[in-house]
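Take a look at the structure below.
The values are calculated or read from the model by the stated rules, or taken from the named source; none is laboratory data. Just so you know, these numbers come straight off a predicted model, no measurement behind them. Here the Cβ is made from the backbone with ideal geometry for all residues, glycine too, and neighbour counts use every protein chain on show.
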Amino acid sequence: MKVIDQEIASLKNSISEMWALVHQQLYNAGEAMLTGDKELAYKVISRERRVNAFELKIDSDCEDIIALYAPVAVDLRFVLAMYKINTNLERLGDFAESIARFAGNLPEGAPVDPQLIKETRVEEMLHELLSMLTLSQEAFEKESSEIASRIFLKDNLIDEINHNSTKIIADYIEKHPGSALVGLYMAGVIRKMERFGDHCTNIAEELIFYLDAKVMKHIGKTEN
């Protein structure tokens, strides 16, 4: 095996570990939000440092491969795609931490009103985001642009839930003025989750670029 092949295999392993860590961070942050589990929320916040450390290591590895081995063709596309995917995964870790901080700031023993969770479909949103992250990692490990393409459809549902949540939360605050702060926090969390979906589609675009040499950025995007 050539040295560059060994370096690329090592980079692939590091990215896979980063993916798994970010997935766990989002899952735990979501559970903390839905149940009001502050201990779990603080666990997510403390593990954010590991996500940041991973990002720095992977960035450095990508730069070293380009500088030392001058990769070409598919190897170069792989390294460039991993560099960008790494940035997106780090942002996903930030969003997971933000959701955990929301859960940590909830009043003691007072999780979010189950009715608000149901009406905003935030649990469904969380499930879809975890599915998008799983799909993207599966597409990466199986080197399948077809699997990566399925992420775009899921993002449409995320956008729909986000769009509908504004009026739902406004109505909720009007009926429950004492819970206005929780309602506003929830609006912020849903917005972060919508951005989470956007970063998952960014990852899918980079995977398709690496696998098929197709640039997907801005294709099919319309003004809102």
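Checked against (1) at pLDDT 95 or above; (2) touching a Phe, Trp or Tyr at 6+ places or on another chain (Cβ under 7 Å), PHE102 passes all but condition (1). Of the residues that sit in the stretch 69-79 and are in contact (Cβ under 8 Å) with a residue 24 or more places away in the chain and of a type outside the set (Asp, Glu), which one is farthest from GLN137 (Cα to Cα)? Selected residue: TYR69.
Restricting attention to the stretch 149-172, does a residue exist that is modelled with pLDDT of 95 or more, at positive phi and among the acidic types (Asp, Glu)? Looking through the stretch 149-172, none of the residues is modelled with pLDDT of 95 or more, at positive phi and among the acidic types (Asp, Glu). For VAL44, the conditions (1) at pLDDT below 95; (2) over 22 Å from LYS142 (Cα atoms) are fulfilled apart from (1).
Please go through the stretch 97-118 and pick out each residue that is touching an Asp or Glu at 6+ places or on another chain (Cβ under 8 Å) and of a type outside the set (Val, Ile, Thr). Listed by number, the residues that qualify are GLU97, ALA103.
For the stretch 46-67, a residue qualifies if it is of a type outside the set (Val, Ile, Thr) and free of Cβ contacts under 8 Å to residues at least 40 places away in the same chain, and the qualifying residues are SER46, ARG47, ARG49, ARG50, ALA53, GLU55, LEU56, ASP59, SER60, GLU63, ALA67. Any residue in the stretch 50-61 that is modelled with pLDDT of 95 or more, among the hydroxyl-bearing types (Ser, Thr, Tyr), more than 17 Å from VAL189 (Cα to Cα) and out of contact with any Cys (no Cβ under 7 Å at 6 or more places or on another chain)? Among the residues of the stretch 50-61, at least one is modelled with pLDDT of 95 or more, among the hydroxyl-bearing types (Ser, Thr, Tyr), more than 17 Å from VAL189 (Cα to Cα) and out of contact with any Cys (no Cβ under 7 Å at 6 or more places or on another chain), which makes the answer yes. Scanning the stretch 116-136 for residues that are polar (S, T, N, Q) and either free of Cβ contacts under 8 Å to residues at least 12 places away in the same chain or surrounded by 19 or more Cβ atoms within 10 Å (Cβ to Cβ) (or both) yields THR120, SER136. The condition (being in contact with an Asp or Glu (Cβ under 9 Å, 6 or more places away or on another chain), without any contact (Cβ under 8 Å) to a residue 24 or more places away in the chain and in a helix (DSSP H, G or I)) is satisfied by just one residue among ASP155, ASP94, ASP171: ASP171. Against the conditions (1) within 21 Å of the chain's Cα centre (by Cα); (2) under 24 Å from ILE208 (Cα atoms); (3) surrounded by 14 or more Cβ atoms within 10 Å (Cβ to Cβ); (4) not acidic (Asp, Glu), SER16 satisfies every one except (3).
For every residue, the table says whether it meets (1) among the acidic types (Asp, Glu); (2) surrounded by 16 or more Cβ atoms within 10 Å (Cβ to Cβ).
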| position | (1), (2) |
| --- | --- |
| VAL51 | no, yes |
| ASP64 | yes, no |
| PRO71 | no, yes |
| ASP94 | yes, yes |
| ALA103 | no, yes |
| ILE151 | no, yes |
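On the stretch given as the stretch 74-122, residues that are touching a helix residue (DSSP H, G or I) at 6+ places or on another chain (Cβ under 6 Å), among the charged types (D, E, K, R) and under 22 Å from LYS38 (Cβ atoms) total 1.
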